[in-house]
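Student: The following block contains the structure, expressed as structure tokens.
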Amino acid sequence: MSRINLLPWRETQRQERQRNFVMLVVFVAVVAAGAVFASNQLMGGVIEGQEERNEFLRGEIRALDREIARIEDLERTRDSLISRKNVIERLQENRSLMVHLFNQIAQTVPEGITLNTVRQTGSDLTIVGTTESETRVSEYMRRIEEATWLRNPQLRIIEIESREQRADQPFRFELQAVVGPPRDPAEEV
């Protein structure tokens, strides 16, 4: 029988497997490095694209902020103009009010009453005067109530002008009324 030495064949096979294993490890390492590099490039591209989109959005947001500021300025201007228009309209509405007010005061004052001061604060009218008797003040208040430009008379003070009481001594009175545009006949019904 012949003697066959199988050792070198096994050794050669083992070396071949080891070489194959090393080549496989190197190949896997190269593939893994390539995959890492490719994914890094891909993520870098994605991040760069997102940064470009973010910068575009920031630019659009800045443009919209400028538009919003311009709109707010326009709204302030509009509100100012509306306010001025309302003031002018109110002035136009009340333009003839003073003429009517003085006319009404002259028409409503009964005989025996002297007006000392007439003061207007907003729509409130304060009338201070003297009278011969208290009944004339009542008549004056009725006339104010019936007037078209005056309403709601309220007597605040009625007193004798000095401490000494005499029959012919005048009374001092103060009353308030509201000044306003004429009433609708429909409101009075």
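The values are calculated or read from the model by the stated rules, or taken from the named source; none is laboratory data. Since we're looking at a predicted model, the values are computed, not measured. For neighbour counting, all protein chains shown are included, and Cβ atoms are generated from backbone atoms with ideal geometry for every residue, glycine included.
Student: Which pairs turn up if I take residues in the range 90-106 that are under 17 Å from Gln176 (Cα atoms) and look for partners that are in a loop (DSSP other than H, G, I, E, B) with beta carbon separation below 8 Å, at least 6 apart in sequence or on another chain?
Tutor: Leu101/Trp149; Gln104/Ala147; Gln104/Thr148; Gln104/Trp149
Student: So, one more: If you take the residues in the range 142-179 that are in contact with a Ser or Thr (Cβ under 6 Å, 6 or more places away or on another chain) and not in a strand (DSSP E or B), which one is modelled with the highest pLDDT?
Tutor: Arg143
Student: Related question: Are there any pairs, at least 6 apart or on different chains, whose C-beta atoms fall under 9 Å, with the first in the range 111-129 and within 14 Å of Arg156 (Cα to Cα) and the second part of a strand (DSSP E or B) and among the basic types (Lys, Arg), and if so, which?
Tutor: Leu125/Arg119; Thr126/Arg119; Thr126/Arg156; Ile127/Arg119; Val128/Arg119; Val128/Arg172; Gly129/Arg172
Student: Taking Val128 and the conditions (1) touching a Phe, Trp or Tyr at 6+ places or on another chain (Cβ under 9 Å); (2) part of a helix (DSSP H, G or I), which numbered condition does it fall short on, given that it satisfies the others?
Tutor: Of everything listed in (1) touching a Phe, Trp or Tyr at 6+ places or on another chain (Cβ under 9 Å); (2) part of a helix (DSSP H, G or I), Val128 misses just condition (2).
Student: Here is a follow-up. Just to check your reading of the model, which residue among Arg119, Arg70 is among the basic types (Lys, Arg), exposed (fewer than 12 other Cβ atoms within 10 Å of the Cβ) and assigned by TED's automatic domain parsing to the domain that holds Phe173?
Tutor: Only one candidate qualifies: Arg119.
Student: Hey, among Leu115, Leu101, which residue is within 18 Å of Arg172 (Cβ to Cβ) and not in a loop (DSSP other than H, G, I, E, B)?
Tutor: Only one candidate qualifies: Leu115.
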